[in-house]
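Here the structure is laid out as structure tokens; the discussion comes afterwards.
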Amino acid sequence: MKIIVCVKQVPDAKDVRLDPETNTLAREGVQSIMNPYDQHAVEEAVRLKEKLGGEVTVLSMGPPQAVDVLKQAISCGADHAVLVSDRAFAGADTWATSYTLAKAVNKIGAFDLILCGKQAIDGDTAQVGPGLAIQLKIPFVTCVQKIRDASESELVMERMMDDGYDVVAVDYPMLLTVVKDLNEPRVPSLKGKMRAKKAEIQVLSAEDVGADSAKIGLAGSPTQVVDVFPPPPRGERAILSGSIDEQVEQLVEKLAAYL
Amino acid sequence: MLIVDKELCVGCGICEDSCAFGAIEVVDGIAVVSEACTLCGACVDNCEVEALRLEGVEKNVQVDLDNWNGIWVYCEYRSGSLSSVSLELLGIGRKLADARGVKLAAVLIGADTGDTADNLIAHGADIVYRADDPGLAYFTDETYGAVLTDLIKQHQPEVVLAGATAIGRSLIPGVANTLGAGLTADCTQLDIRADDGALLQTRPAFGGNIMATIVCPSSRPQMSTVRPNVMKELEYDAGRTGEIVDVALEPAQLDSKVRVLESVQAENDDVNIQESDILVGGGRGLDSEKGFELIRQLASSLNGSVSASRAVVDAGWIGYPHQVGQTGKTVAPKLYIACGISGAIQHVAGMQSSETIVAINRDENAPIFDVADFGIVGDLFEILPKLISKIEGYQKS
Ligand SMILES: Cc1cc2nc3c(=O)[nH]c(=O)nc-3n(C[C@H](O)[C@H](O)[C@H](O)COP(=O)(O)OP(=O)(O)OC[C@H]3O[C@@H](n4cnc5c(N)ncnc54)[C@H](O)[C@@H]3O)c2cc1C
Ligand SMILES: Nc1ncnc2c1ncn2[C@@H]1O[C@H](COP(=O)(O)O)[C@@H](O)[C@H]1O
């Protein structure tokens with residue numbers, strides 16, 4: 001079984017905040033982390049490998065420092081890591097990202113399964129997984145919350161829906177995007193950390209993966225960010241007064257219309 | 001690429017502050033651009049000495065942008081019912097279509113859709129493309145995607161909108177990628193620019209800490225998924241007229257490698273919190289799973305449903321379908337009572353359009369009070385039992 005997991009390095013979103021005084025982003029000490037959903041994708045890949053045998057390759061597109069998240073994945077049980085990195089990727093939207101990742105996957109070679117996180121917490125788009133599957137012309141299932149049965153030929157799984165879940169079966173090759181309910185990611189073992197330290201990470205440029213320069217970076221992106229601004233300000237504070245009993249009394253009166 | 005003219009740059013740092021992506025830093029008195037740059041151009045506009053410029057970012061404009069016309073809404077139909085976001089999208093779609101002087105079309109895909117198409121017309125659609133077939137009873141990305149993609153190729157709409165639901169956020173990315181179209185996820189505001197018909201798509205980014213406006217300058221259709229409960233549906237008007245087009249399906253369109261074995265509805269019928277008029281939300285202030293008992297009691301006394309912050313969903317006190325916020329659901333009930341919820345921006349993003357907001361929190365500085373219409377500062381374990389008995393007493397009288 002050959003499994004590829006796409007992992008992205010993202011700023012820890014809870015650290016990204018607007019400075020209320022200056023209305024600019026306060027970024028001091030913002031940590032870069034592995035996208036949380038991708039940790040679950042790595043974990044599931046390693047579990048499937050342990051069950052069915054095979055190899056796990058982790059793949060990321062990003063700046064040179066993204067090797068950190070690839071090493072983290074190796075410390076958690078992945079076997080190989082590939083980073084596609086090139087200044088020419090700057091400004092890539094989800095279309096250009098999925099095109100680039102598809103080129104990299106083709107370069108890596110044959111695979112049975114590709115796992116992605118449901119979404120990356122910096123953009124929250126959830127578009128790269130399906131986009132990558134389309135580029136590779138393979139079926140995909142999004143928001144997988146449980147793998148019920150994994151065999152050499154197919155996966156049976158639950159995909160989360162708004163009103164419950166669907167149970168679906170798919171033959172390899174396929175691409176899945178995963179949610180957090182799927183599993184509990186392991187903490188890296190000491191041995192894993194040693195392996196990660198020594199691991200060779202293959203770094204590929206746009207040219208190495210044979211990407212068409214018109215289809216990568218901003219030039220290859222149909223969408224473009226034209227403005228960023230702080231969210232609208234909040235309203236006035238409105239706190240009731242009096243003893244707790246009086247406040248409850250007032251509240252029930254105010255809510256009469258809803259009772 | 002973003003170019004810094006080293007001669008002109010005075011190292012003032014305005015660009016550093018105006019960059020939402022943390023991609024510029026002043027080093028030794030000169031702005032230095034990192035890989036994080038998305039080429040959005042915010043810094044270029046803000047640079048007072050014109051030391052910054054974008055180069056080599058002109059795109060190959062699709063020559064026939066003008067051949068694409070009309071506003072489309074994908075209307076989600078599942079298990080015998082239409083999602084309410086479909087009607088909300090017809091509301092905003094109608095506005096966009098009127099602003100452009102074009103038609104508004106709805107795409108309805110499913111099985112046994114009955115009189116749904118008429119309902120879509122009564123809610124604002126001029127045309128309904130209806131693909132109704134037993135082979136479309138269950139949603140799969142491949143079948144629904146094939147039908148929608150082929151319709152778009154054939155009719156060339158300038159805009160395609162869909163709900164940012166589990167289905168919309170799976171189906172639409174695949175369709176957009178096949179078409180090479182730009183897609184913006186989770187929009188909360190849509191406008192159309194009069195001169196060139198560009199759809200201005202605004203959405204929260206970085207967990208709601210900033211808002212971003214996105215356009216698709218050189219490709220069509222312009223596609224967006226839109227959060228439920230942010231757009232307003234039009235009044236049902238049986239007098240509206242429109243055309244229903246039954247789509248002829250090819251066998252290949254009904255073929256899917258994903259086999260749906262079963263579709264399971266959550267047994268809790270209060271799970272679909274987006275449909276509730278009254279929500280009682282619980283947060284970490286409840287102390288434990290047991291705290292939710294009080295929330296359930298209050299909800300049931302009001303005939304409402306239970307929602308939650310992400311902190312308690314992560315803690316496993318209640319299931320994900322109840323989560324409100326940036327990474328949960330957007331809700332807009334008539335009444336939202338937040339109990340022991342601090343009011344982090346990511347939570348507020350999902351409930352701020354509620355008609356009336358009540359907050360109960362023992363910390364008078366909790367940001368939830370900034371969005372509340374009525375706030376009580378105090379211990380929820382003292383307040384909630386009193387509130388429940390008052391409400392029950394009120395209802396009896
Ligand atoms: C990318 C990203 C996405 C996110 N998405 C979401 C999302 O979709 N939804 C969401 O909710 N959050 C989301 N969050 C998390 C969010 O930032 C907050 O961490 C979370 O909402 C906090 O939940 P809380 O208010 O229950 O807990 P806390 O922040 O811990 O607040 C608990 C509150 O309870 C009060 N309290 C304690 N005891 C009592 C008592 N006895 N009586 C009365 N009051 C009491 C406290 O004063 C406090 O204000 C997201 C975060 C990130 C970074
Ligand atoms: N630059 C990237 N490198 C590797 N994987 C990525 C990248 N961007 C997105 N992904 C994958 O696609 C998923 C969805 O990301 P997004 O569509 O950006 O929300 C992530 O969880 C990753 O698995």
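The values are calculated or read from the model by the stated rules, or taken from the named source; none is laboratory data. The model shown is predicted, which means the values in this text are computed figures rather than measured ones. Because the Cβ atoms are built from the backbone with ideal geometry, glycine has one as well, and the counts that use them run over all protein chains shown.
For A:Val228, the criteria (1) among the aliphatic types (A, V, I, L, M); (2) closer than 27 Å to B:Thr188 by Cα; (3) in contact with a Pro (Cβ under 8 Å, 6 or more places away or on another chain) hold in every case but one, which is (3). Of the residues B:Ile278, B:Ile244, the single one that is touching a helix residue (DSSP H, G or I) at 6+ places or on another chain (Cβ under 7 Å), at pLDDT 90 or above and surrounded by fewer than 20 Cβ atoms within 10 Å (Cβ to Cβ) is B:Ile244.
Taking the range A:134-181 as the range and being within 7 Å of another protein chain (Cβ to nearest Cβ), among the hydrophobic types (A, V, I, L, M, F, W, C), more than 16 Å from ligand 1 (Cβ to nearest atom) and buried (at least 21 other Cβ atoms within 10 Å of the Cβ) as the test, the residues that pass are A:Ile134, A:Phe140, A:Val141, A:Met161, A:Val168, A:Val170. B:Gly124 meets all of the listed conditions (1) touching a strand residue (DSSP E or B) at 6+ places or on another chain (Cβ under 9 Å); (2) outside the structural domain of B:Glu16 (by TED's automatic domain parsing); (3) closer than 27 Å to A:Gly123 by Cβ but one, namely (3).
For the range A:66-95: of the residues being of a type in the set (Gly, Ala, Ser) and more than 16 Å from the chain's Cα centre (by Cα), which is surrounded by the most Cβ atoms within 10 Å (Cβ to Cβ)? Applying the filter and picking the extreme gives A:Ala78. Close contacts from the range B:309-327, counting a first residue that is under 12 Å from B:Ile273 (Cβ atoms) and part of a strand (DSSP E or B) and a second that is within 8 Å of ligand 1 (Cβ to nearest atom) and not hydrophobic (A, V, I, L, M, F, W, C), with Cβ to Cβ under 6 Å and a gap of 6+ residues or different chains, come to B:Gln323/B:Arg310; B:Val324/B:Gly350.
When every residue of the range B:145-155 is checked against the conditions, none turns out to be assigned to a loop (DSSP other than H, G, I, E, B), surrounded by fewer than 23 Cβ atoms within 10 Å (Cβ to Cβ) and of a type outside the set (Val, Ile, Thr).
For the list (1) assigned to a helix (DSSP H, G or I); (2) under 33 Å from the mean Cα position of the chain (by Cα); (3) surrounded by fewer than 22 Cβ atoms within 10 Å (Cβ to Cβ), I need the number of the one condition that B:Gln352 fails. Single failed check for B:Gln352: (1). The condition (being of a type in the set (Asp, Glu), more than 19 Å from A:Gln224 (Cα to Cα) and more than 27 Å from the chain's Cα centre (by Cα)) is satisfied by just one residue among B:Asp255, B:Asp237: B:Asp255. Criterion applied to B:Glu158, B:Glu142 was being under 22 Å from A:Gln127 (Cα atoms), acidic (Asp, Glu), away from ligand 2 (no atom under 16 Å from the Cβ) and at the interface with chain A (Cβ under 10 Å from one of its Cβ atoms), and the one residue passing it is B:Glu142. Answer yes or no as to whether A:Ser60 is away from ligand 2 (no atom under 15 Å from the Cβ), away from chain B (no Cβ under 11 Å) and not basic (Lys, Arg). Here the answer is no, as A:Ser60 does not meet what is asked.
Within the range B:189-241, the set of residues being part of a strand (DSSP E or B) and within 16 Å of ligand 1 (Cβ to nearest atom) comprises B:Arg203, B:Pro204, B:Ala205, B:Ile210, B:Met211, B:Ala212.
Residues that are surrounded by fewer than 14 Cβ atoms within 10 Å (Cβ to Cβ) and either at the interface with chain B (Cβ under 10 Å from one of its Cβ atoms) or assigned to a helix (DSSP H, G or I) (or both) are absent from the range A:216-230. Being buried (at least 20 other Cβ atoms within 10 Å of the Cβ), without any contact (Cβ under 8 Å) to a residue 12 or more places away in the chain and not assigned by TED's automatic domain parsing to the domain that holds B:Thr327 is true for just one of B:Asn119, B:Asn177, B:Asn209. Which residue is that? None of the other options fit; the residue is B:Asn177. Among the residues of the range B:365-380, the ones that are more than 9 Å from ligand 1 (Cβ to nearest atom) and part of a loop (DSSP other than H, G, I, E, B) come to 2 in all. Taking the range A:112-124 as the search range and keeping residues that are hydrophobic (A, V, I, L, M, F, W, C) and either within 11 Å of ligand 1 (Cβ to nearest atom) or surrounded by fewer than 22 Cβ atoms within 10 Å (Cβ to Cβ) (or both), which one is modelled with the highest pLDDT? Within the range A:112-124, the match that is modelled with the highest pLDDT is A:Ala120.
A:Asp124 falls short on exactly one of the conditions (1) free of Cβ contacts under 8 Å to residues at least 40 places away in the same chain; (2) assigned to a helix (DSSP H, G or I); (3) near ligand 2 (Cβ under 7 Å from one of its atoms), and that condition is (2). Scanning the range B:3-32 for residues that are farther than 19 Å from B:Ile210 by Cβ and either among the charged types (D, E, K, R) or outside any loop (DSSP other than H, G, I, E, B) (or both) gives B:Ile3, B:Val4, B:Asp5, B:Lys6, B:Glu7, B:Val26, B:Val27, B:Asp28, B:Ile30, B:Ala31, B:Val32. Between B:Ile337, B:Ile391, B:Ile383, B:Ile357, the distinction of being part of a helix (DSSP H, G or I), more than 11 Å from ligand 1 (Cβ to nearest atom) and hydrophobic (A, V, I, L, M, F, W, C) belongs to B:Ile391 only.
Residue by residue through the range A:31-75, note down the ones that are among the β-branched types (Val, Ile, Thr), under 23 Å from A:Trp95 (Cβ atoms) and in a helix (DSSP H, G or I). Matches in the range A:31-75: A:Val69 only.
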